[in-house]
């Protein structure tokens, strides 16, 4: 039950793109085509889940016991950067087809603030799933990270679908490109507001 | 380019928000009021100037293949310094901006300026470039913040001048996208050369 | 121009940069350690001072039944308690400092931390009518919608309910403490 709450809350209610504003750059940058948006979402899903687990463990067993919590930012970004490199190399070796699909997005992910954002949120914020305020344990953190990245994928793919249609429309010159995309995102965010209060 | 030009080009011509379209996350998330937007801009300015200076000093001795990790370490160091200083001296501001202070590390503006400018120019010029871009970023965040605060809560910098509640949507997520979108339209129409 | 990318160069450069950065961070951390502790102690002290009657002697932090609390005494007599009370708001945990007099009436409240929606639930820190009703609150600790006497913030019933629950938990706790003392 609690996991279900986490999943619904992370995907719909606190959608990472439309209500927390993390990872907006790729959201606006690579959402022109449905296929690239899908590829990017897949890569983000993979990296967010993996890096959250790794940074959670590093924080729990290395930084906290040593009293070095203030190094969180610097440690996490290095872990994420290294992890992205490793994923890239491993993927190239074991699944060239998956690498073809996700590979070009991987280098971009290091500077996607959704990844660092989720990693930091999970270890610093108290959550209230299940009635009391508490820090997430490893299982909950993993589920939260996975659900958050699924939410990322959902809004990214929906948005790309809309933008593909927009491309064929005749919008005023000053609205072309990003401005109309932002206004579209605004309407989507309004739709997602409807989920608030559900969990 | 004159030294003054280095600074002022960040205001409009190379404005990080409206012309370069970088660093969208803090732009959308922290501009719920004029004050918050300005504080976020100033925090980014601090990191931008220091990291630009450090990187332009380091660039000649850093091997090409590891330059990105080195830049990230340098930027993350300054961000952590900023975090500690803010916790010590302006804890209220730190808790309002929250997550978005550590996220300056992955703000594309900072890494972007390091790559595009600081690593091939002198320390002094890089500092000016950082200052200009930082002021440009602060200006745009403050403008977005002012508009959202007027529409959303009827006040500017906390001074209320329209009675009543205002249009709540502008304080919340949809308003952020909408204000940025329409400002970008105006920018494209009147200021872009 | 950039130096050559030999293995020795790269390792050397990364190590040096990391060392220098760690040194800088270490120094800044050591310098800011005290001001950070002071700043958070000051914020806590301010919020305690706000919710307790003036002139009392305020004790150090104590703990019982999962609550952190502070006792204000005048001439050896317990006058009031400041209780740190957390409940689940709309956007996450809502933590209050609640001042309760020894007879169980609320003296005042203040918000320590919250993650409510700006413009809606976040008004629990700025809405004058909502905040002032807690000063010397008498009546049933429930929002009006649920049959009590608390005026909720417009369009933020969940936040108001959470706020009320945190206050009422604190009051219960103080009543328990006082009751245990009299037995």
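Each reported figure results from applying straightforward, stated rules to the coordinates on display, with no laboratory input. For clarity, every value in this text was computed on a predicted model and none was experimentally measured. Quick reminder, even Gly has a Cβ in these numbers, built from the backbone with ideal geometry, and neighbours come from all protein chains shown.
Okay, helix-only estimate at 222 nm for chain A: each DSSP H run of n ≥ 4 adds -39500 (n - 2.57), divide by all residues, round to 500 deg cm²/dmol; what do you get?
Here the helix-only value at 222 nm equals -21000 deg cm²/dmol.
Sort B:129, B:165 so the one with the fewest other Cβ atoms within 10 Å of its own Cβ comes first.
B:165, B:129
With a cut-off of 8 Å between alpha carbons and a minimum separation of six or more residues, what is the relative contact order of chain A in percent?
44 percent
In degrees between 0 and 90, to the nearest 10, how far off the longest principal axis of chain A does helix A:72-94 point, with axes built from Cα atoms?
That helix lies at roughly 70 degrees to the long axis.
Would you mind calculating the relative contact order of chain B from Cα pairs under 8 angstrom and at least 6 residues apart, reporting the percent as a whole number?
37 percent
Could you please state, rounded to a whole Å, how far the C-alpha centre of region B:82-161 is from the C-alpha centre of region A:147-167?
28 Å
Given axes a ≥ b ≥ c from the Cα gyration tensor, I'd like to know whether region B:65-107 is rounded (a/c under 1.5), prolate (a/b larger than b/c) or oblate.
Note, shape of region B:65-107 comes out oblate.
Ignore the peptide's own chain and count Cβ atoms of other chains within 10 Å of each Cβ in B:88-100; give me the average, rounded. If you can, show how the numbers build up before the last one.
Details: counts 11, 4, 1, 7, 2, 0, 2, 2, 1, 0, 5, 11, 4.
What the average comes to for B:88-100 is 4.
Using helices alone, what [θ] at 222 nm do you get for chain B, with -39,500 (n - 2.57) per DSSP H run of 4 or more residues, divided over all residues and rounded to the nearest 500?
When only DSSP H runs of four or more count, the value is -20500 deg cm²/dmol.
Return the average number of partner chain Cβ atoms within 10 angstrom of each residue Cβ along peptide B:159-167. Before the final figure, lay out the partial values.
Numbers: counts 0, 0, 0, 0, 0, 0, 5, 1, 1.
Per-residue shielding by partner chains comes out at 1.
Find the centroid of the Cα atoms in region B:1-64 and in region A:112-139, then give the distance between the two in whole Å.
Value for the Cα centre distance between the two parts: 29 Å.
Per DSSP H run of at least 4 residues, take -39500 (n - 2.57); add these up for chain C, divide by its residues and hand me the 222 nm value, nearest 500 deg cm²/dmol.
Calculated from helices alone, the mean residue ellipticity at 222 nm is -14500 deg cm²/dmol.
Only counting other Cβ atoms within 10 Å, I'd like B:155, B:2, C:168 sorted with the fewest neighbours first.
Exposure proxy ranking, most exposed first: B:2, B:155, C:168.
Taking chain B as a Gaussian network, where each spring joins two C-alpha atoms under 10 Å apart, which residue of B:160, B:120, B:65 fluctuates the most?
Of B:160, B:120, B:65, the most mobile in the Gaussian network model is B:65.
Please find, in a Gaussian network model of chain C (springs between Cα atoms separated by less than 10 Å), the residue of C:164, C:109, C:78 whose mean-square fluctuation is greatest.
Comparing C:164, C:109, C:78 in a Gaussian network model of chain C, the most mobile one is C:78.
Give me the one-decimal nm value for the distance between modelled label points at residue C:113 and residue A:3, 7 Å along each residue's Cα-to-Cβ direction.
About 2.8 nm separates the two model spin labels.
Could you work out how far apart the two model spin labels at residue C:27 and residue C:103 are, taking each label as a point 7 Å from the Cα in the direction of the beta carbon, and quote it in nm?
Inter-label distance under the simple model: 6.0 nm.
Would you work out if region B:112-193 is rounded, prolate or oblate? Take a ≥ b ≥ c from the square roots of the eigenvalues of the alpha-carbon gyration tensor; rounded if a/c is under 1.5, else prolate when a/b is larger than b/c, oblate otherwise.
prolate
Round to the nearest 10 and give me the degree value, 0 to 90, for the angle of helix B:67-89's Cα axis relative to the longest principal axis of chain B.
It is inclined by approximately 50 degrees.
Can you compute the label reach from residue A:134? Point 7 Å from Cα along the Cβ direction, backbone N cut-off under 20 Å, restricted to region A:9-38.
A:9-10
How would region A:1-152 be classified by its alpha-carbon gyration tensor: rounded, prolate or oblate, with rounded meaning a/c under 1.5 and the a/b versus b/c comparison settling the rest?
Note, shape of region A:1-152 comes out oblate.
Cα axis of helix C:7-51 to longest principal axis of chain C: angle in degrees, 0 to 90, nearest 10?
Around 20 degrees separate the two axes.
Counting alpha carbon pairs within less than 8 Å and at least 6 residues apart, what relative contact order, in whole percent, applies to region B:69-175?
15 percent
Restricting to the protein assembly as shown, compute how many DSSP beta bridges are antiparallel as a %, nearest 5.
Of those bridges, close to 95 percent are antiparallel.
For labels at residue A:69 and residue A:90 in the simple 7 Å Cα→Cβ model, what's the distance in nm?
The answer from the label model is 3.0 nm.
Considering all projection directions equally, how large on average is the shadow of the alpha-carbon convex hull of the protein assembly as shown, in square nanometres?
If you wrap the Cα atoms of the protein assembly as shown in a convex hull and average its projections, you get 29.8 nm².
Considering chain A as a Gaussian network with a 10 Å cut-off on Cα pairs, which listed residue, A:175, A:27, A:127, attains the greatest mean-square fluctuation?
The residue with the greatest mean-square fluctuation here is A:175.
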